[in-house]
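Derivation of every value follows stated rules applied to the coordinates shown; laboratory data play no part. Fair warning: this is a prediction, and the values are worked out from it, not measured in the lab. So basically every Cβ, Gly included, is an ideal-geometry build from the backbone, and we count neighbours across all protein chains shown.
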Ligand code: LLP
C-alpha cells in the first residue's frame, strides 16, 4: 500500500462557524461500541480487528471495498430478539435488509422466522433450507407467479396488501386445493418520525389498506368470505429507523380497535397481530437505540393493555426487525484514494466505492461515522467528507466526519453500521462491481456473497 504525503486539510474550526459542527471526538482512535460490531477492537499496533482478524489482512485477501460482517454479533442480536419475545411471540427477520443463504441458515439455527418480499427472496430462503411455514410473504404488488410459488411452497403466511390481492391469493390457493394463512396489512394513519421515504403508516402512500373510511374492515369482510384464505391476523408496519415508541403505541391501539370491531361484527377473535419492524439503530454516537428486551416489554405491555380494555384475548404478537438485527453487525471497508483539501471548506476523501455500495446517504440524507482502521494516528482531527468514485456530486458516503489529518492514500477506512440496506440496495452504477460480503468469526473469514466480476456484468450484456 502506498502512503504518499499530502498537505494537511483544513481544520474544522477554521471552516465552519461555531454551532455548525459537532466537535470532533476526544480520541479519533476510539471505536464507539454503539456503532461498531461487537467483536471490533483495535490491537496494540493500532490495527482494527474483527472476529480476531485484522482489517489489513481482510483487505489483502478479499480486496476493497468489502462489507465485513461479524457473524457472532449477528447471531447474538438475532438471539436477543428471539429471547426477548419468548415463545409466545414470533420474530420474523426482514430479509430485505440483507439476505444471503448463510444468513438464512444462521436465522434458522437461532430460531427466527423470515419475512420476504419478492419471489427471489423467497427462492433464496427456500434454497437455504428455511422451512416454508416459517416464512411470511410481503409486497404491495406480488405477481400471480410469485403468489403461486409462495402458496405452493406452503409459506406460513401471506400479508395481503390490497383488495385485488385478497381475491388473487384466494383464487390461486383454491386452484391449488389449499387454504392460505394470511394477514391483512393496514395503514393506521400514524406519522412515524423518520425520513418520508421510509415512513409507511400514513395514508398517502402505496402500502396496505387504510383503516380510515372503514376500508380495512371491508377488506376483513371480503377475506372472511373466501374459502382460499384463512385470515389469521392484522399487520401494521409504521416505518423504519424509528426510536420513539409512541408510534407503535398508537398503531397497537388502532389495530386492537379493529380486532374488537371484527369480534363485534363477525363473532371471531383473530389470533395474531404483527407490528412490523422499524426499530432504529445507532449510525453515529448521537443515536440511542433501545435494546430488544426493552422493545419486547413495551410492545407486550401496550398490546396487553389495549386488549384488556377491549376485553379481547391477547393475540400472538409478531415483529419484523431487519435493520436492528443486521445493521450494526457489518462495516464497509474502503481504501483511501484521492485526498482533496478545499481551502476554506473541507477535505474530500475519495474511496474506492461510493453510492453504488451505499446509496443511503444520497437517498435519505443518512448519517454515518467513519474511522481510520489500518493504523492508529495521533494527528489532529480533520473535517472530511467521504465520497465515492462515481460520476455524480451527490456520491457521498459520509457527509461530515473527522479523520486524522495525516490520512494518506492507501490507508484503510471503515464505515460502521452498513449491514442493513447497503448490499441489498447496491447497484452497478458506472458499471461498479458490487462488493463481496465477508463473514468473520473466531479468527476465520469466508466470503458469503462474492464480489461481482467483469465477466458477471458482461454476461448480462448480450450484445
Ligand atoms: N416489515 C415490513 C413490512 C417492512 O416494510 C420493513 C421495511 C420491515 C419489516 C423491516 O424494517 P426495519 O426493521 O429493517 O427497519 N431502505 C430503507 C429502509 C426501507 C424499509 C422497508 N421496509 C433504508 O435504507 O433505510
**Fill in**
Between the modelled labels at residue 427 and residue 308 (7 Å from Cα along Cα→Cβ) the distance in nm is 5.1 nm
**Asked** Measuring from label point to label point, each 7 Å out along Cα→Cβ, what is the residue 225 to residue 442 span in nm?
**Response** 5.8 nm
**Prompt:** Any idea what angle helix 215-225 forms with the longest principal axis of the chain, computed on alpha-carbon atoms, 0 to 90 degrees, nearest 10?
**Reply:** 60 degrees
**Message:** Just want the ordering: 237, 171, from fewest to most Cβ atoms lying within 10 Å of their own Cβ.
**Reply:** 171, 237
**Fill in**
Quick note, segment 138-321: a/c under 1.5 would make it rounded; otherwise a/b > b/c is prolate and the rest oblate (a ≥ b ≥ c, C-alpha gyration tensor); here it is prolate
**Message:** What FRET efficiency comes out for residue 265 versus residue 123 if R0 is 35 angstrom and r is the Cβ-Cβ distance? Round to the nearest 0.05.
**Reply:** 0.35
**Prompt:** Sorted from fewest to most neighbouring beta carbons within 10 Å, what does the list 332, 41 look like?
**Reply:** 41, 332
**Request:** Can you figure out the FRET efficiency of residue 133 with residue 450, using R₀ = 35 Å and their beta-carbon distance, to the nearest 0.05?
**Result:** 0.70
**Prompt:** Relative contact order for the chain using alpha-carbon pairs under 8 Å, separation at least 6, rounded to a whole percent?
**Reply:** 22 percent
**Prompt:** Tell me, what is the FRET efficiency for residue 365 and residue 88 to the nearest 0.05, using R0 = 30 angstrom and their Cβ-Cβ distance as r?
**Reply:** 0.20
**Message:** Between residue 378 and residue 206, what is the label-point separation in nm under the 7 Å Cα-to-beta-carbon projection?
**Reply:** 5.6 nm
**Request:** Tell me what the chain gives for mean residue ellipticity at 222 nm when only DSSP H runs of n ≥ 4 count, each as -39,500 (n - 2.57), the sum divided by the residue total, rounded to 500 deg cm²/dmol.
**Result:** -8500 deg cm²/dmol
**Item:** Rounded if a/c under 1.5, otherwise prolate or oblate - the chain, Cα gyration tensor axes
**Value:** prolate
**Item:** Exposure proxy ranking, count of Cβ atoms within 10 Å, fewest first, for 62, 74
**Value:** 62, 74
**Prompt:** What is the gain in length, in nm to one decimal, between residue 293 and residue 101 on full extension, counting 0.36 nm per residue of separation less the C-alpha to C-alpha distance?
**Reply:** 66.4 nm
**Prompt:** Once the piece of chain linking residue 178 and residue 143 is laid out straight, how much longer is it, given 0.36 nm per residue of separation minus the C-alpha distance between them?
**Reply:** 10.8 nm
**Request:** Kindly express, to the nearest 10 degrees and within the range 0 to 90, the angle between helix 163-175's C-alpha long axis and the longest C-alpha principal axis of the chain.
**Result:** 70 degrees
**Message:** Considering only C-alpha atoms, what is the centroid distance from segment 152-190 to segment 214-291, in Å?
**Reply:** 16 Å
**Request:** Taking the chain as the reference, fit the longest principal axis to its C-alpha atoms, fit the long axis of helix 246-266 to the helix C-alpha atoms, and give the angle between the two in degrees, 0 to 90, nearest 10.
**Result:** 20 degrees
